[in-house]
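Report on the structure given below.
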């Protein structure tokens, strides 16, 4: 059902990325940012005071007092399941961070519980909302690449949780989602991984992919490199009609028609701070989330996309452990329509 024009929204989580959730919501005129929830009382009090909202130590107490229209969830990566299930069982519409969870059984339970209640259940694959990605999707939909022959994704940095396949599940979920968003379903995976920098933790991997449309591809991901390096992220997609590249998610989009030495290049202009900022891809996604919720429609990126990324990660793990190519069941759920590029802001 359609929601009120001004939505009452709370944030669960008071960490660094939870700060981004709070920032985005506090800046919106169509949102009553009402509360934050966390286990650390000092951090909750600081975050609540910083944004002029109420702080709570428990999800249940917050729901009872606030009755929010939406809860935005940003918790440590391996602590998503129990709080998300609690919110679903309370019947609260959700916008959650990636990864959905680390176990497919838990993912299935969350998806089923939300479906039983007819809940709005969105996940923050915000890379889709970068302008170069929107431009890439438009070029593909318009047929400018012809038949896609290969696609590659490379993304590396630092960090990680204690899970042995942390980078694959919590960071390369963006890669799985992006490649399927742009190219189509992945049909099979073969994987190599290494734990040379931390025994038992496979922080770097190289995956060989085959897509359902016949194209082939690769995914390279790592926590053994640095986000400080230029071009720490790069996507290349080539077809019979041309080639496109996405550099550092928001930095640059390039298209070459087949055989042409002349490229079309987009990069943000002097005053276009919005499109050059990675953080503001979250703002663009929230625009779509709020519009969908107010209209009573489906999420722009349903949490099923998080389950799909996890399914692909688990296939890669099975491939690595067995040394075989793993066939992946094709998900019949259609991807959300592509967000169109926003016009650059006018010069002042």
In the set 195, 177, which member is under 17 Å from the mean Cα position of the chain (by Cα) and at negative phi? 177
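Yes/no per residue for (1) in contact with a strand residue (DSSP E or B) (Cβ under 6 Å, 6 or more places away or on another chain); (2) touching a residue at least 12 places away in the same chain (Cβ under 8 Å); (3) outside the structural domain of residue 30 (by TED's automatic domain parsing); (4) over 30 Å from residue 160 (Cα atoms):
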position	(1), (2), (3), (4)
60	no, yes, no, no
63	no, yes, no, yes
72	yes, yes, no, no
77	no, yes, no, no
93	yes, yes, no, no
105	no, no, no, no
109	no, yes, no, no
112	no, no, no, no
121	yes, yes, no, no
Exactly one of 287, 283 is touching a residue at least 24 places away in the same chain (Cβ under 8 Å), surrounded by fewer than 23 Cβ atoms within 10 Å (Cβ to Cβ) and not assigned by TED's automatic domain parsing to the domain that holds residue 172, and that residue is 283
I'd like to verify a number: residues in the range 17-32 that are surrounded by fewer than 20 Cβ atoms within 10 Å (Cβ to Cβ) and part of a helix (DSSP H, G or I), how many? 4
Kindly indicate the residue of the range 33-45 that is surrounded by 14 or more Cβ atoms within 10 Å (Cβ to Cβ) and assigned to a helix (DSSP H, G or I) and also farthest from the chain's Cα centre (by Cα) among those meeting that condition. 45
Regarding residue 154, is this residue surrounded by fewer than 23 Cβ atoms within 10 Å (Cβ to Cβ) and assigned to a strand (DSSP E or B)? yes
Return a yes/no flag: does the range 243-257 have any residue that is in a loop (DSSP other than H, G, I, E, B), over 30 Å from residue 93 (Cβ atoms) and either at pLDDT below 95 or over 23 Å from the mean Cα position of the chain (by Cα) (or both). no
Selection from the range 219-238 of residues that are buried (at least 19 other Cβ atoms within 10 Å of the Cβ) and either touching a helix residue (DSSP H, G or I) at 6+ places or on another chain (Cβ under 8 Å) or without any contact (Cβ under 8 Å) to a residue 12 or more places away in the chain (or both): 219, 221, 222, 223, 235, 237
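The values are calculated or read from the model by the stated rules, or taken from the named source; none is laboratory data. Given the structure is predicted, the values throughout are model-derived calculations rather than measurements. Cβ sites come from the backbone with ideal geometry, for glycine too, and all protein chains shown count toward neighbours.
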